[in-house]
Amino acid sequence: MSKGGDIPYVALFMDVWIVGDRWLADKYSSLCCIDKDNEKVRNRMKILSPDHLQSIRDCEVYLSPLTLAAGVHSLVQISGVIQNIDENSAISWDECDSCGSNQLGTWSSNGTTVCMECKKSVENPVQRMKMDVFVLDENISSLVKISLLQSTIQQILPEEHDEEGYDVNSVLSKHVGPLNCVITSPATKTTSPVARQIF
């Protein structure tokens, strides 16, 4: 899973009923991320040995290929060739390396970059990227709009760029996948499915 960005997390589902390809949950079900820094999670994970937790983190996740019948929130794998880019979505920005805020400014006196949120000097700002692409999916032979994770964006962008940034058209015709995605808008008779890469 991804939570608030590109960082992968392993999630533990408890008291969830799996019927075919559907996960059914009720008020007694629970979901938590396996995170050693979270005290609540640590307490709940005491039943699992460190070796067991590591084996969960290392396990491979296999999702079904995308079909036109995939509904909203379906978890699917998508592979194909990038046909187009939503240029309005293709952006990058810098964040504070201490608190993650994108509210950065520059002191005019010495040119130092400062975070307006935590008031610290930002020596190594973290660059974030966002890009939505239209992929011709190999399984359904149809276009799918996908919001890519930053790790995938970095893989498909060229290594070199000028001061103005990357030429986003350089990613056209590149193969991506298999990408693990969640469907955010299913296919209809008049529209293609929309998905978000999750890990």
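The values are calculated or read from the model by the stated rules, or taken from the named source; none is laboratory data. Fair warning: this is a prediction, and the values are worked out from it, not measured in the lab. Areas reflect the complete protein model, heavy atoms only, side chains present, ligands, DNA and RNA absent. Shrake-Rupley method; radii C 1.70, N 1.55, O 1.52, S 1.80 Å.
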message: Given a 1.4 angstrom probe, what's the average accessible area per residue across the range 57-199, in square angstrom?
response: 62 Å²
Amide H partners (placed H, <5 Å) of residue 122, local residues excluded: 113, 114, 115
field: In Hz, Karplus ³J(HN,Hα) per residue of the range 131-144 (6.51, -1.76, 1.60; θ = phi - 60°; x = Gly, Pro)
entry: 7, 10, 10, 9, 10, 7, 5, 5, 7, 10, 6, 9, 6, 10
- request: Taking H placed 1.01 Å from N in the peptide plane, check which residues at least 5 places from residue 179 or on another chain put their amide H under 5 Å from its amide H.
  value: 78, 79
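Mean shadow of the range 106-183, computed from the convex hull of its alpha carbons, in nm²? Numbers along the way, then the final one.
On the way: hull surface 31.0 nm².
Mean shadow area of the hull around the Cα atoms is 7.8 nm².
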task: Using only protein heavy atoms and a 1.4 Å probe, report how much of residue 106 is accessible, in Å² to the nearest 10.
output: 100 Å²
message: What figure, in Å² to the nearest 10, do you get for the accessible area of residue 138 with a 1.4 Å probe and non-protein molecules left out?
response: 110 Å²
query: Which distance in Å, rounded to a whole number, links the C-alpha centroids of the range 67-102 and the range 111-153?
result: 8 Å
statement: Residues whose modelled amide H sits under 5 Å from the amide H of residue 185, counting only those 5 or more places away in sequence or on another chain, are 194
